[in-house]
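Trainee: My questions all concern the structure below.
The values are calculated or read from the model by the stated rules, or taken from the named source; none is laboratory data. Since the model is a prediction, treat every value here as computed from it, not as a measurement. Using ideal geometry, Cβ is built from the backbone for each residue, glycine included, and neighbour counts are taken over all protein chains shown. Note: accessible area is taken over every heavy atom of the protein model, side chains too, but ligands, DNA and RNA are not part of it. Shrake-Rupley method; radii C 1.70, N 1.55, O 1.52, S 1.80 Å.
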Amino acid sequence: MRQSWDMKVQPNFCPTPPSLPSIHGMSPLFLVCSSRLKGSLKYFSGPCSVMRNNDVKEVIAMKNNNSVAMPTKESASGEELSAESYNYCICDTCKVGNIDDAMTLLAQMESLGCRPNYSSYTSLIEALLNVGRTLEADALFQEMVCFGLKPRLRLYNIMLRGLLKKGLLGLADRVLKMMEELGVSRNQETYEILLDYNVNAGRLEDTWSLINEMKVKGFQLNSFVYSKVIGLYRDNGMWKKAIGIIEEIREMGIPVDKHIYNSIIDTFGKYGELEEALEVFSEMQQQGIRPDIVTWNYLIHWHCKSGKLSKALHLLAKMQEKGFYPDPKIFITIIGGLAEQGKWDTIKENFEIMKSWGHKESGAIYAILVDIYGQYGKFQDAEECISALMSEGIRPSASMFCVLANAYAQQGLCDQTVKVLQLMEAEGIEPNLVMLNVLINAFGVAGKHMEALSIYHLMKENGISPDVVTYSTLMKAFIRARKFDKVPQIYNEMESSGCTPDRKAREILQTALIVLERRHCKNPD
C-alpha cells in the first residue's frame, strides 16, 4: 500500500506569536498546508496596499460555473491588491467550495507579506474540514493561534466536529484542553458533538459522564441527546432498556421527534424485531412526522440483513415514490444479497424502476456496483470505474469512494480496494476511518491478515483512532486466517484503548475462545 500521510502536526499550540522564519512571508505551518496544492504557487514581493473601493469588485467577480475569478497581482489601476481584498475573496471562494483556489489565494497573499484575518482563517478551516483535509485544517488552526488570533467558540466546535468525524481523538482532546486553558466554556453544540462521537465509538462511561456534566451545568437533554442514549444502549446489547427510555422522554414532556423515532427503528431492526420497527414507522407517520432518508435506510438495511430482500426492495421503491434519493451504501447490501441468490433479473428490474424515477446519479452507481459484483466484469478495474462515474458528471466524494471500496472488498478484490484508496488521495481527499476499515476488511476477506494488521498500525501511526468496527474487522481477519490465539489480544487492546466492545465483537471473541479451548483439550500439554 502506498503511504502518503507524511504531514506532521505540531505537538502543542504556540501560546504567543513566535518569531518564525519565512519564505516570501509564508510561515512553515502554511507551507505544510500548501504542500497538497495542485499547480504552482505564484510568489510576489512588496507590501500590501490600503483597501480601495474597486478592488473587491475586481476580485469577487463570479463566473457562470459558480467559481470566483482569481485575482492577479495588480488591479486595473496598476496597483497591488490590498490584504482586505484578498480576505474578502478567500471567504467568497470558500463559500462556493473552491478550496484549492482559496489556498492559492492564501499563498499569494502571504507572499506579499500579509496575514489573513480571522474570517479568512475560519472559512479556510471549515472548507478544508468539509472535504476531509483535516491535517491541513489543523495546521491552519495552529498557525492562527500562533499569530495571536483567539479562536471563538464556533470555530472550536467546527474543529471538534471535523476532527472527531475522522477519528482524530488526540487532536480533538488537544482542542478541548486549549478551550479549558483559555476559559472558553462549552455550549449545547459542543456537548452534542462530543456525545455523537462517544456514542458512535461505543464509549459508555464517557457518554454518561458527558450527560451528567450537561445536567449539572443546566443544559437541556433534548431529543438529539436522548436519541444518542438509545443508540448507546442498542449497541451495548441493552435494546429493551433503550426502548424503555421512550417513557422517560414522554414523562419529561420532550416531544418524540424524528431523531427518537429513527433510533427506535434502528434498535428494533438491529435485534431482528422488524414487525415492531414497521409499527414504529407507521406510528411516526400517524403523528405527522415525515420519514427522512435515514429512516428509509434503516428499514431497508435491516430487512436485507434479515434476508427479507423482497420487503427491502418494496421499501426501496416506496422511498423513491416519496422522492428520496437512494443511498448508494444500501445498494451494496441489496445487490450483494440478490447476487448471492443469483437473482440478476430482479436486480435488472430494480434498476429499470430506478431509472423511471429519474435518479441518474444513483442509476450510474447502481450499474457499476452490479458490474463489480460479477454480472459483466467491465469495471473490475477501479480506475475505469471512477472514470465512468466522472463521465456521467458524478464527482466522487469521500462517501462514494468508501462505497466503491466496500464493493471491491466484499468481492475479495484487495488490489482494487487499495487502488480506490489511491484514487481517493489523488482527488485530494484524505482516507478516513471508514475507508481504512474497508481496507482492513478487504485484506481480511482475501486471507491477508498481516496486511490487515499493517493498516491498523498505519492508522495509529497517523493519529487515527481505531473504533469498534476496526477491531471487530481485524479480529475477523485473524479468525479467517485461523490465528485464533491473536483474537483475545486484539480484543484486550480494544478495551484498553477505551472502546466498548459491541455484541459483534463479543461474539467473535467467544468463537475464538471456543476453538482455543477445544485445542487445549486435545493437546493439554
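Trainee: What is the gain in length, in nm to one decimal, between Lys241 and Lys322 on full extension, counting 0.36 nm per residue of separation less the C-alpha to C-alpha distance?
Mentor: My answer for the length gained is 25.9 nm.
Trainee: Moving on to the next point. Given a Förster radius of 35 Å and the C-beta distance between Asp485 and Glu181 as r, what FRET efficiency does 1/(1 + (r/R0)^6) yield to the nearest 0.05?
Mentor: FRET efficiency, Asp485 to Glu181: 0.20.
Trainee: Starting from the 7 Å offset along Cα-to-Cβ, what nm value, one decimal, do you get for the label separation of Ile514 and Lys378?
Mentor: Output for this residue pair reads 4.5 nm.
Trainee: Next up: At a 1.4 Å probe radius, carbon and sulfur cover how many percent of the accessible area of the range 434-525?
Mentor: Carbon with sulfur: 52 percent of the solvent-accessible area.
Trainee: Between Gln287 and Lys504, what length in nm is gained on full extension when 0.36 nm per residue of separation is reduced by their alpha carbon distance?
Mentor: 74.7 nm is the gain from fully extending Gln287 to Lys504.
Trainee: Glu275 to Ser399: FRET efficiency via 1/(1 + (r/R0)^6), r the Cβ-Cβ distance, R0 35 Å, to the nearest 0.05?
Mentor: Working from the Cβ atoms, E equals 0.65.
Trainee: Whenever you get a sec, compute what percent of the accessible area on the range 314-405 sits on carbon and sulfur atoms (1.4 Å probe).
Mentor: 49 percent
Trainee: On average, how much accessible surface per residue is there in the range 412-497, in Å², for a 1.4 Å probe, leaving out ligands, DNA and RNA?
Mentor: 38 Å²
Trainee: Moving on. Provide the gained length on full extension for the span Lys308 to Glu248, in nm with one decimal, where the gain is 0.36 nm per separating residue minus the Cα-Cα distance.
Mentor: 18.3 nm
Trainee: I've got another one for you. Averaging sequence separations of C-alpha pairs under 8 Å and six or more residues apart, then dividing by the length of the range 395-451, give the relative contact order as a whole percent.
Mentor: Over the range 395-451, the number comes to 42 percent.
Trainee: Could you calculate the FRET efficiency of Asp173 with Asn222 from 1/(1 + (r/R0)^6), where r is the beta carbon distance between them and R0 is 25 Å, rounded to 0.05?
Mentor: About 0.50, to the nearest 0.05.
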